[in-house]
1. How many lysine pairs does region 1-105 hold where the Cα atoms are under 30 Å apart and the two sit 8 or more places apart or on different chains?
2. Taking the Cα centroid of region 78-134 and of region 38-57, what is the distance between the two, rounded to the nearest whole Å?
3. Using a 1.4 Å probe on the protein heavy atoms, what percent of the accessible area of the chain belongs to carbon and sulfur?
4. Nearest 0.05, what FRET efficiency do residue 56 and residue 112 give at R0 = 41 Å with Cβ-Cβ as r?
5. Tell me, Kirkwood radius of the chain from alpha-carbon pair distances, in Å?
6. How large is the helix-only mean residue ellipticity at 222 nm for the chain, computed as the sum of -39500 (n - 2.57) over DSSP H runs with n ≥ 4, divided by its residue count, in deg cm²/dmol to the nearest 500?
7. With every protein chain left in place and a probe of 1.4 Å, what is the accessible surface of residue 120, to the nearest 10 Å²?
8. Residues of the chain: accessible area per residue at 1.4 Å, in Å²?
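The values are calculated or read from the model by the stated rules, or taken from the named source; none is laboratory data. Worth saying up front: this structure is predicted, and the values here are computed from it rather than measured. Neighbour counts are summed over all protein chains in view; Cβ atoms, including those assigned to glycine, are modelled from backbone coordinates with ideal geometry. We work out accessible area using only protein heavy atoms, side chains counted, and drop any ligands, DNA or RNA first. Shrake-Rupley method; radii C 1.70, N 1.55, O 1.52, S 1.80 Å.
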Amino acid sequence: MTERKPAGVSFESWVDKQIREAEQRGDFSQLPGFGKPLPGIDRPYDETWWIKAKMQREGVSMLPPALALRKEAEDTRTAVSEARSEAEVRRMLTEVNEKIEVAIRRPPPGPLLNLRPFDIDAVVEEWRAERGSA
């Protein structure tokens with residue numbers, strides 16, 4: 001801000017003068033995106049556009065709780081094959097099973113869960129078979 005608005009000058013004309021002087025000094029030509037079209041200008045208005053843009057910039061995604069748990073269960077099942085010990089496999093499956101059991105008792109909002117707890121012993125047997133150690 002350069003100065004206070006003088007008495008007797010309308011606010012609009014004072015602001016217009018400030019903008020015009022900044023343009024003449026070239027203050028706006030150094031801004032990021034200068035001369036480029038506004039991103040998303042052709043899309044319909046979305047009142048949460050700024051939240052979505054921030055989440056995209058920060059690399060954050062938001063899934064409904066049921067889908068997030070499904071994703072976690074899928075990721076856990078994939079990670080089991082890379083586990084180094086049977087104890088690690090059992091720990092990983094037990095942790096996700098506890099979350100699944102809570103979600104079954106109190107279904108989270110959103111789409112249906114469509115998950116059952118893992119059969120830990122069966123998954124451990126598969127893990128052993130992958131390694132050739134039965």
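1. 9
2. Rounded to whole Å, the Cα centres lie 38 Å apart.
3. 56
4. Plugging the Cβ-Cβ distance into 1/(1 + (r/R0)^6) gives 0.90.
5. 20.9
6. -17500 deg cm²/dmol
7. 40
8. Ligands and nucleic acids excluded, the figure is 81 Å² per residue.
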